[in-house]
Structures are given as structure tokens and as C-alpha cells.
């Protein structure tokens, strides 16, 4: 079992003892997800990178006293969520505007026909225009794959509130994306 | 079976329903045009949302991160307190002053004249003329000396 990769909890313990390599391993594991989540929440790469860096700084600070009470990723997402919320408070509460949308932020995985890029942009805009709470639960549910319970722990909202927000969010998105319903992504 | 709830259709699209429940929901969908229509909408929306992908992150520079943490001031950051904090502190001070003032007034109130009653802390000493102590003390003041 020597080749088994270290668990997140083990890495946090190592980090608590000052082993910076453990931070590197955690970064390899989660940086992409952290950056994607904060970008989707903030709509801005620079601020998303700030949140990402701040998240790892917080991890390092907390490592010495870290006691796993919940799933590591839930705890991590909670940090990212709260830091992103702080960022939005600092810079105003406007939803992600069209101006904030950056063309290079949309990755087109296959050959990039115009329709595909247009659809990706339309989806980003539609999500960005949702009311704040609906936007957050959609991002955590659809893009981060979190369960209702996990979303509840990350946001601090009740599970029933999360489910209600999800239903309304998907319904709103259905309406907003109506022109693309026949488009197969 | 009742109609399937929207949240369950969402979970079905996300493939996160428990196997047993998924089987029951799919069986219901076979026979319920209303739920089928809803399911088509939700699945379509779910698939469309998948078009928004973001680029993967660059690797974290751990050395830079460590440097950033060293540069971060460890001292407590002083922040100007909010108006609510100031109001609470002011109210606390005002209440303390009022209590102190009222307590002071109460402690120096004169004894009822003509009763001859001694304060309890004096009577427990067993003196017969404890009530006259204060006048003796007062007589020992500068005015008394001048008179003498």
C-alpha cells in the first residue's frame, strides 16, 4: 500500500508540520477546481486567481489546527465560496455582466464552430443573470457536482432551501436558453 | 404513482438518483406524458449547461505562495469599529455612570434623624455610643482644631 496516494487529511497533517510539498500536492489536486469554481462565481479571472491563492494561504494557516469534521472537499469549497462572496461584496453585488465575460474564459473543447462558442457564451450569460442564490447553487450543483447536503454545508442554507433554489434556477435557465433547446452541445 | 418532483428529475439528469428510485422514476416516465415533457426540458437544459467549460488552471507556485504568506503582516489589523459598536460602548458607559451615580447617592444618604439607630456594621461591634463616632471624626477636622 506504499504507492497509495496520501489522503487529503494526511496531506493537511503534513502541511501542519511545515511540509510545503504537501501544499503542492493539494494544489495539484484541487487548484483547477478551485479556480473554476471561483471564476464561475466571480466572472473574472484575476479575482478568481486571488481567491485561489488566498484559499491555499488559508489552508496553510489552518493546517496546524485542522481537525477533519466534515469531508475535506466540502470544507475547501466552503472556504472558496466564502472568499468569493467577500470578493463580490468588495467589488459590488452586480451579477456577472456581459462586460465581465471574457472570451478567453470559454474553452471550446472540440473543433470550435461559431455556434458552439455562441452557445457557451449564452450559457455563461444565462447563469450570470440568475439571482445570486440561484446562481450559486447551480454552479455548485451542475459544475462542481455537489449533492444537496454538500451545497447546504457550503452555503449555510437549509437543504430544503437549496432544493427550492435549484428547481427555480433550472426553470429560469430553461426559459433563458429556450432558443438553444434544439442545439445539441 | 404520483408525478415525479422536479428536483428528482434534476437528480435524474445529474445521474445522482439512487438506483432503486431511478428505476421507479423511469418506469413512471414511460406512462406519464406530463412528466415526460418536464423530463425532456430538464435534461435538455442540463445538457446545454455543459457547454460552459472553463480553462484549467496553471500550476500553483508553492514557493511564491510561501513568500506571499511570509510577507503578510502577522500583527492584528486594527479596523475602525462600526457605528453599532461605538453606540453599544457609549450606552454601556452611560449605564455604568448612572449606576455609579445612583449608588453613590444611596451610600451617602443621611440617617433618619431622631431614631438613634446605629448602622448594623457599627452595632455589631458592641459599642454603646457608636452613633457618635462620625461626629468625633468630624470634630477632628481642621475646623474643630481651630475651635479648640
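The values are calculated or read from the model by the stated rules, or taken from the named source; none is laboratory data. What you see is a predicted model, and the numbers here were worked out from it, not measured in a lab. When we count neighbours, we look across all protein chains shown, and the Cβ atoms used for this are built from the backbone with ideal geometry, even at glycine.
Listing for the model above:
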{"read-out": "Residue match in region A:73-93 (condition: modelled with pLDDT under 90, surrounded by 13 or more Cβ atoms within 10 Å (Cβ to Cβ) and assigned to a loop (DSSP other than H, G, I, E, B))", "value": "no"}
{"read-out": "Output for region A:150-160, where each listed residue is surrounded by fewer than 18 Cβ atoms within 10 Å (Cβ to Cβ) and either assigned by TED's automatic domain parsing to the domain that holds residue A:43 or without any contact (Cβ under 8 Å) to a residue 12 or more places away in the chain (or both)", "value": "A:156, A:158, A:159, A:160"}
{"read-out": "Matching option when the condition is at the interface with another protein chain (Cβ under 10 Å from one of its Cβ atoms) and under 26 Å from residue A:147 (Cβ atoms), among A:57, A:35, A:83", "value": "A:35"}
{"read-out": "Selection count, region A:138-149, where residues are away from chain B (no Cβ under 11 Å) and either surrounded by 21 or more Cβ atoms within 10 Å (Cβ to Cβ) or touching a strand residue (DSSP E or B) at 6+ places or on another chain (Cβ under 7 Å) (or both)", "value": "1"}
{"read-out": "Per-region count, region A:117-137, residues over 16 Å from residue A:174 (Cα atoms), surrounded by fewer than 18 Cβ atoms within 10 Å (Cβ to Cβ) and more than 10 Å from chain B (Cβ to nearest Cβ)", "value": "2"}
{"read-out": "Hits in region A:11-32 (condition: exposed (fewer than 13 other Cβ atoms within 10 Å of the Cβ) and either away from chain B (no Cβ under 13 Å) or within 13 Å of the chain's Cα centre (by Cα) (or both))", "value": "A:17"}
{"read-out": "Of residues in region A:162-178 being more than 8 Å from every other protein chain (Cβ to nearest Cβ) and free of Cβ contacts under 8 Å to residues at least 12 places away in the same chain, the one farthest from residue A:81 (Cα to Cα)", "value": "A:178"}
